Amino acid sequence: MTNIVLIGFMGCGKTTLGRWLADRQQMDFVDTDELIVRLENMSVADIFEKKGEAYFRDLETKVLRILLGEEQDGGENLRIHKSTVISVGGGVPMREENRALLHKLGKIIFLDTSVNELVRRLERDETRPLLRGGALREKIERLMDERLDIYDDTADIIVTTDNRTLNKVFDDIIKEWG
Ligand code: S3P
């Protein structure tokens, strides 16, 4: 069983590509944010606001462990059983422990998207607590500065997504797969 793990900045298209890819390859699809929302019964924005970012970050690690079957999930049966595309929140690779878990989960693909494109895609977004409240470009640039090298180093495959259709991104993945 080979799973595909999609990493990258908020708005890079992990969920869109992930669902499309899963459908195309007859794989399952999971999104770590969606699992967190399901387990907590609360939106990501509400978890940040009411419980704090540190609590959310611990949940991210917990969900990776649940997918690997290393932690119980209260009978939800979330452990991965068949080949799955796993889209992970943009902050997940920042924790060293998470990076090791991501490598255990599958082949890691970094969807590399330019700041210009991210600004365009995230302009009207209300769901990401880290980007709320103005100065969007500066916020993206600052976070990208902290994250880009880690995304690069964590990835087995890097593909750019600017001005590329899902089919083109897929072709690039196949070329790089090895
Ligand atoms: C975050 C990314 C979000 C979500 C949360 C924090 C981040 O997921 O986990 O808002 O730190 O980059 P997406 O990357 O799916 O938007």
- line: So the number of lysine pairs in region 1-147 with alpha-carbon atoms under 16 angstrom apart, 8 or more residues apart or on different chains, is 5
- prompt: Using modelled backbone amide H atoms (1.01 Å from N, in-plane), which distant-in-sequence or interchain residues come within less than 5 Å of Ile108's amide H?
  reply: Val5, Asp156, Ile157
- request: Rounded to whole Hz and in sequence order, give me ³J(HN,Hα) for region 165-173 from the Karplus expression 6.51 cos²θ - 1.76 cosθ + 1.60, θ = phi - 60°, writing x for Gly and Pro.
  value: 6, 4, 4, 5, 4, 4, 4, 4, 4
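When every alpha-carbon pair in region 26-83 is counted, what percent end up more than 19 Å apart? Walk me through the intermediate numbers first.
Working: 468 of 1653 pairs.
Distances greater than 19 Å cover 28 percent of the Cα pairs.
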- prompt: For region 25-30, in order, what is each residue's ³J(HN,Hα) by Karplus, 6.51 cos²θ - 1.76 cosθ + 1.60 with θ = phi - 60°, in whole Hz (x at glycine and Pro)?
  reply: 9, 6, 10, 7, 10, 9
task: Sort the following peptides by mean Cβ neighbour count (other Cβ atoms within 10 Å, averaged over residues), highest first: 90-100, 20-30, 108-118.
output: 108-118, 90-100, 20-30
- prompt: For the chain, what value does the Rg/Rh ratio take when both radii are computed over Cα atoms and Rh is the Kirkwood radius, given to two decimals?
  reply: 0.94
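Bear in mind these aren't lab numbers, they're just calculated from the coordinates by the rules spelled out. Since we're looking at a predicted model, the values are computed, not measured. Note that we place each Cβ from the backbone using ideal geometry, even for glycine, and neighbour counts take in every protein chain shown.
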